[in-house]
1. May I ask you to verify whether A:HIS280 is within 14 Å of ligand 1 (Cβ to nearest atom), farther than 22 Å from A:LEU406 by Cβ and more than 14 Å from chain B (Cβ to nearest Cβ)?
2. For segment B:234-252, indicate whether the set of residues that are more than 16 Å from ligand 2 (Cβ to nearest atom) and within 14 Å of chain A (Cβ to nearest Cβ) is non-empty.
3. So, of the residues in segment B:376-396 that are in a strand (DSSP E or B) and more than 20 Å from the chain's Cα centre (by Cα), which turns out to be nearest to ligand 1 (Cβ to nearest atom)?
4. Considering only segment A:423-437, state which residues are under 19 Å from A:PHE158 (Cα atoms) and in contact with a strand residue (DSSP E or B) (Cβ under 6 Å, 6 or more places away or on another chain).
5. Out of (1) out of contact with any helix residue (DSSP H, G or I) (no Cβ under 8 Å at 6 or more places or on another chain); (2) β-branched (Val, Ile, Thr); (3) in the same structural domain as A:ALA416 (by TED's automatic domain parsing), the odd one out for A:THR81 is which?
6. Collect the residues in segment B:215-233 that are more than 9 Å from chain A (Cβ to nearest Cβ) and assigned to a loop (DSSP other than H, G, I, E, B), keeping them in residue-number order.
7. Looking at this structure, is B:ILE289 at pLDDT 95 or above and within 14 Å of chain A (Cβ to nearest Cβ)?
8. Before we move on, is A:ARG268 away from chain B (no Cβ under 14 Å), surrounded by 15 or more Cβ atoms within 10 Å (Cβ to Cβ) and farther than 15 Å from A:ARG391 by Cβ?
There are 2 protein chains.
Amino acid sequence: MSDEKATTTEAEPPRTRDREEAGGGTTLSLSRRRLLGTVGAAGAGGLALGASGGALALSQGRDPVTPLASVGTGRHTFHGTHQPGIVEPGQAHGHLAAFDLVPGAGRREAAALLRRWSAAAAALMAGEPVEGVAATGIADDAGPSSLTVTFGFGASFFDRTGLADQRPAALEPLPEFSADELDGRRSNGDLWVQVAADDGLVAFDALRVLQRETGRAARLRWQMTGFNRTPGATDRPRTARNLMGQVDGTNNPRPEDDDFDRHVFVPRGGDRRSPAWMEHGSYAVVRRIRMLLDEWDKQSLEQQERVIGRRKSDGAPLSGGDERTPLDLEKTDARGRLLVPFNAHARVSAPETSGGATMLRRPFSYHDGFLPDGAPDAGLLFVAWQADPQRGFVPVQRKLDRGDALSRFVRHEASALFAVPGGAPEGGYVGQPLLEG
Amino acid sequence: MSDEKATTTEAEPPRTRDREEAGGGTTLSLSRRRLLGTVGAAGAGGLALGASGGALALSQGRDPVTPLASVGTGRHTFHGTHQPGIVEPGQAHGHLAAFDLVPGAGRREAAALLRRWSAAAAALMAGEPVEGVAATGIADDAGPSSLTVTFGFGASFFDRTGLADQRPAALEPLPEFSADELDGRRSNGDLWVQVAADDGLVAFDALRVLQRETGRAARLRWQMTGFNRTPGATDRPRTARNLMGQVDGTNNPRPEDDDFDRHVFVPRGGDRRSPAWMEHGSYAVVRRIRMLLDEWDKQSLEQQERVIGRRKSDGAPLSGGDERTPLDLEKTDARGRLLVPFNAHARVSAPETSGGATMLRRPFSYHDGFLPDGAPDAGLLFVAWQADPQRGFVPVQRKLDRGDALSRFVRHEASALFAVPGGAPEGGYVGQPLLEG
Ligand code: HEM
Ligand code: HEM
């Protein structure tokens, strides 16, 4: 931390004090090392923007009405009860990468790798030099830009490291779904890294540093890049849009909800399906879901809205109200037709119709060019967080697989499930209770 | 335009009045249609940020110290003397795409396409609905986010449309260079579109709309996606960094320079190598240049700096001074060694050593995942603008090809050259003087 005034950079509504203390805390402070003097002189939290919107004493850059470095100074902390990159608002740039241990590397090498990775992640997230790694310079003068780094273990990790008896029951392979068209080369993996930041160069740099830190212990298996709206590009509170143009994320559980932790995090001491080393951890379901946008674009607005059960413009339920109004699943029109159709995505995925199954969706959009037929290779890097996939993703996806109007317009192309341990304390590393337990 | 207060969103130093009037002008205004009421109520140019940096009346979003919609409201105008996307600071997201006319499509179809494209570009850049195209919703509530759309013609366009006699001499194919490892499928093309914006969803949406507007006239040939630093991520004035970590763009010609127009734009009435329909236009050299980052990262900082001839931290010449100090190409150290080495990239590419050859470099970084050996598929989508490639890119690249210390660390993988006509007046379209001339 620093002696500057700290301001939370939270989405509305603000986090509970509880979570703030739990670490993975979200603070805004200037990284003196990285930022030039002009802003530092004004002081964090003291940026001032005149009503003229024109010449600003502290602004020498490309857009006089963006307080420069306001994005760059966003900072999350690595150490804490939970790992970062789960509850924070999704950043503008994200990388998901899986690594496999090389043949011969076992528990010892994995422990050393997680120790190096954790140290590097803590430094990168604080905007400080990573010990033992020559700085690339790529992130220089940008500040951490709300960088988060998150680590996870795939099921195969436990055999490779002789830790099969520590593999959580909750990490059992996801079932096959009828709509799956999975590419094994872009699925699964021993180790998972999620890197995200509001600046593309900062995110790339962090990914590179972490890749280099694997040394001879692990090799990249797959990597995917995604994005979300740029901070300041909209004044819409919190909820993102996806590449189908929908408001996406409305009915996510919220950190201030009483049962948020129960749904998203493994409880202290573990539980029936998660050993103690997973306490305060979570499970990440990662699905690369391509959108068949050419098909989608052929539908009328009304058809598109009935596929989801919500209005496209503002995400309000077709049963009425605004974005935050609960869906009324019973309401009908004059002719007795359900306003939220029986196969609408929002109905089929709702906890009310899935025995309470709940997950925190925190996706990135992706666009990897175009396929030979001219269709965009684009969609959702779907990342869902839950305390147990059997009480989150699995029952919901089973239901979607049978009767979701959205299925026609999407293809699940890759899939993975990772156990994401709790956060590391200062001086410790992610996975230490497993690897040194 | 609108009745709101307009504020320039220019990089330092500000544009000359001349260019501002010439169109392609850069204004900041709120798109009332797209932005929610909260910011509109405060009024463009009237955004105010309290010294507390905390709760802002107009801010309901993810980061209280970023005036929301400040990025979203950035707006450039489509109509003007020059096309947009040449002199404006490089946006955070860019797409380059080439299209080929389908067999049978000729001059008439091309004219209709450019008319549709121009109308769509003008609407998208203003944050307004595109006539005749169902809105995707993807860009909703974001504002134009400094979107620019730029159109160009490749050499093959002129044969396809029976306009071979109108092909500019300046559009002759680029010579082969010894270091080229070009992929024909990602090179050249009849038509070129450059789309760039500070928001990734806005840029994607614009690209999609333009692709759909091709109708049955043209097909996508190749497409590449790039990025630059997010606005607000740094307070460094103007100059970007690339994925080698270098400050890149320092010695670009500046719009306020006396000879800027002469170097970058075809003069009124055309010239010896450009017909009249190219007046106020420019030529875009597009090169996909992969960086061999694994090799690069093995070099010491000193070695890396000697490859360019500038300091990595701040871009200052190795001959002394700060970023803006001219390179001293003669200066030596105590042992008589040139401070800017004889093969340093900045020396070999400097106009002083290339008969005055000058271009405006306006690149995007790209990162398309990793190659099978784990090396990043990343580098520079190099876009260079000049009034004539024979007085810009060609002589410089010839020199670089022979003796540039950087060559070892880069691979030119794709190449294209496009004639980018002047801007369209209101009611007109890009290329009209060619296609209806
Ligand atoms: C490309 C694929 C998908 C798209 C475009 C999509 C889009 C949406 C949209 C627009 C909503 C309504 C707004 C909201 O509450 O967020 C929604 C809700 C939801 N989606 Fe999806 N979704 C996709 C895949 C999935 C998958 C694979 C799952 C889980 C298996 C899922 C689970 C949910 C859940 C739980 C909700 C909230 C339902 C409620 O409580 O009201 N979605 N989705
Ligand atoms: C990945 C490939 C390249 C990289 C990383 C790169 C990087 C740089 C850097 C760091 C500078 C010094 C700062 C500046 O003045 O912008 C520079 C200058 C320059 N580069 Fe490149 N460059 C690349 C390719 C090229 C190519 C292909 C050309 C043209 C054929 C070119 C032309 C120039 C010019 C004209 C200058 C300014 C020289 C001066 O007037 O001082 N560069 N480049």
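The values are calculated or read from the model by the stated rules, or taken from the named source; none is laboratory data. Source: prediction; values computed, not measured. Methodologically, a virtual Cβ is constructed for each residue, glycine included, from the backbone with ideal geometry; neighbour enumeration extends over all protein chains shown. Surface accessibility is based on the protein's heavy atoms, side chains included, excluding ligands, DNA and RNA. Shrake-Rupley method; radii C 1.70, N 1.55, O 1.52, S 1.80 Å.
1. No, not satisfied.
2. Kept after step one, since they are more than 16 Å from ligand 2 (Cβ to nearest atom), are these residues of segment B:234-252: B:234-235.
Next, from what is left, pick out any that are within 14 Å of chain A (Cβ to nearest Cβ): B:234-235.
Yes - at least one qualifying residue is present in segment B:234-252.
3. Looking at the filtered set, the residue picked out is B:ASP377.
4. Quick first cut of segment A:423-437, residues under 19 Å from A:PHE158 (Cα atoms) only: A:429-437.
Answer for segment A:423-437, where residues must be under 19 Å from A:PHE158 (Cα atoms) and in contact with a strand residue (DSSP E or B) (Cβ under 6 Å, 6 or more places away or on another chain): just A:VAL430.
5. So the condition that A:THR81 fails would be (3).
6. Answer for segment B:215-233, where residues must be more than 9 Å from chain A (Cβ to nearest Cβ) and assigned to a loop (DSSP other than H, G, I, E, B): B:GLY215, B:ARG216, B:ALA217.
7. Working: at pLDDT 95 or above: yes; within 14 Å of chain A (Cβ to nearest Cβ): no.
No: the conditions fail for B:ILE289.
8. Values: away from chain B (no Cβ under 14 Å): yes; surrounded by 15 or more Cβ atoms within 10 Å (Cβ to Cβ): no; farther than 15 Å from A:ARG391 by Cβ: yes.
The answer is no for A:ARG268.
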